Amino acid sequence: VVKGIGDRFQQETKYDRHMMGWSMDRIRRPDPYKEYPDADRTDLSHPEDICRGSLDGALRTRRSVRRFADQPLTREQISYLLWASTGIQRKEGGYEFRTAPSAGALYPIETYLAVNSVEGVKQGVHHYRVRQHQLELLVQGDWGKRMALAALGQRPCADCAVVFVWTAIFDRTKWKYGQRAYRYLYLEAGHIAQNLALASAALGLGSVQIGALFDDEVNDLLGVDGEDESVLYLSAVGHPLRLTSAHGRGLP
Ligand SMILES: Cc1cc2nc3c(=O)[nH]c(=O)nc-3n(C[C@H](O)[C@H](O)[C@H](O)COP(=O)(O)O)c2cc1C
């Protein structure tokens, strides 16, 4: 197997007993909240109330779903999925903590939604305003096909109700951990995506996690620069298409 930058990264970001590589500046802890003050906002409902599924049920039913029914999600479902993946769960000692763990509680991952079909939410690209549990509309329109093209032509991004897009703001975590931050960013995106996958399953919805994407094409759709902030991972979510014998095929 060919060795390259990934192998060097793994070696050069190791901690050992003589080298920890911390360089934090205690005065300027990065702000964990990105906000778009001029954006149109959509209020989301109280998110904790709608899920009746169990963790055990979600673990048994989660699978990658790549074919979606032409059925919108509700605003309540989106509200729950955002909260479950990376919403604020508790306040302690003056800090707000979220449903997924974060190295140093620095929360470097931002969430955007490419909305194809959600009742009461405009089609377009939104940003999740975590602190107020709201959506901020960045650009309106039918972006599903462009999102699919930016994800190597993967149709689930166009056929699903909504694509969750996770970026990292690198400096939030580099401030404390230097280059080792890159390990943590990817781990954190995985935590968040797994929360979303299990929460989707618990609501009877399907999702597929997508790592194959043209990074800067997705960044352009979001309006982020690809340097200070860049996309890491996607998930397409919607109602699974249930094939019946009427379609000539049984359930897969
Ligand atoms: C990091 C990562 C990247 C992935 N990227 C894609 C992708 O780009 N497209 C896709 O259809 N599935 C993608 N998947 C889903 C895997 O193909 C899927 O999880 C695997 O086949 C196991 O099936 P299951 O999820 O149904 O258990 C990805 C999964 C992970 C963890």
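With all projection directions averaged, the alpha carbon convex hull of the range 142-188 covers 4.2 nm². Summing +1 for each Lys or Arg and -1 for each Asp or Glu among the other residues whose beta-carbon sits under 14 angstrom from that of Gly6 gives +2. Quick one: Debye curve from the alpha-carbon atoms of the range 57-105 only, equal weights, vacuum; give me log10 I(q)/I(0) at q = 0.15, 0.30 Å⁻¹ to two decimals. Values returned for q = 0.15, 0.30 Å⁻¹ are -0.62, -1.13. Hey, how much of the P(r) for the range 78-146 falls beyond 19 Å, as a percent of Cα pairs? Counting every Cα pair in the range 78-146, those more than 19 Å apart make up 38 percent.
Report note on the peptides 232-239, 6-13: ranked by the mean count of other C-beta atoms within 10 Å, highest first, their order is 232-239, 6-13.
Taking Tyr80, Tyr15 and ordering them by how much accessible surface each has at a 1.4 Å probe, largest first, produces Tyr15, Tyr80. Normalising the Debye intensity of the range 1-81 to I(0), with uniform scatterers on Cα atoms only, and taking log10 at q = 0.16, 0.25 Å⁻¹ returns -0.97, -1.35.
Ellipsoid fit via the Cα gyration tensor, the range 84-208: semi-axes of 26, 17, 14 Å, each the root of five times an eigenvalue, largest first.
Spacing of the modelled spin labels on Glu48 and Tyr182, each 7 Å from Cα toward Cβ, amounts to 3.9 nm. If R₀ is 25 angstrom, what is the calculated FRET efficiency for the pair Ala105 and Ala39, using the beta carbon separation as r and rounding to 0.05? So, using R0 = 25 Å, E works out to roughly 0.45.
Rounded, prolate or oblate: which fits the range 1-144 when a ≥ b ≥ c are the square roots of the eigenvalues of the alpha-carbon gyration tensor, with rounded for a/c under 1.5 and prolate only if a/b beats b/c? Here the range 1-144 falls in the prolate category. Computed over the chain, the P(r) tail beyond 26 angstrom holds 41 percent of alpha carbon pairs.
Take Glu217 and Ala69, extend 7 Å from each Cα along the Cα→Cβ direction, and tell me the distance between the two endpoints in nm. Label at Glu217, label at Ala69, 3.0 nm between them. Restricting the GluC sites (Glu not before Pro) of the range 93-163 to loop positions (DSSP other than H, G, I, E, B) with no more than 15 neighbouring Cβ atoms within 10 Å leaves Glu119. Taking a sphere under 15 Å around the Cβ of Gln209 and counting the other residues whose Cβ falls inside, with K and R at +1 and D and E at -1, yields a net charge of +2.
The values are calculated or read from the model by the stated rules, or taken from the named source; none is laboratory data. Bear in mind that the values here come from a model prediction, so they are computed numbers and not experimental data. Neighbour counts are summed over all protein chains in view; Cβ atoms, including those assigned to glycine, are modelled from backbone coordinates with ideal geometry. All accessible areas refer to the heavy atoms of the entire protein, side chains included, with ligands and DNA or RNA removed. Shrake-Rupley method; radii C 1.70, N 1.55, O 1.52, S 1.80 Å.
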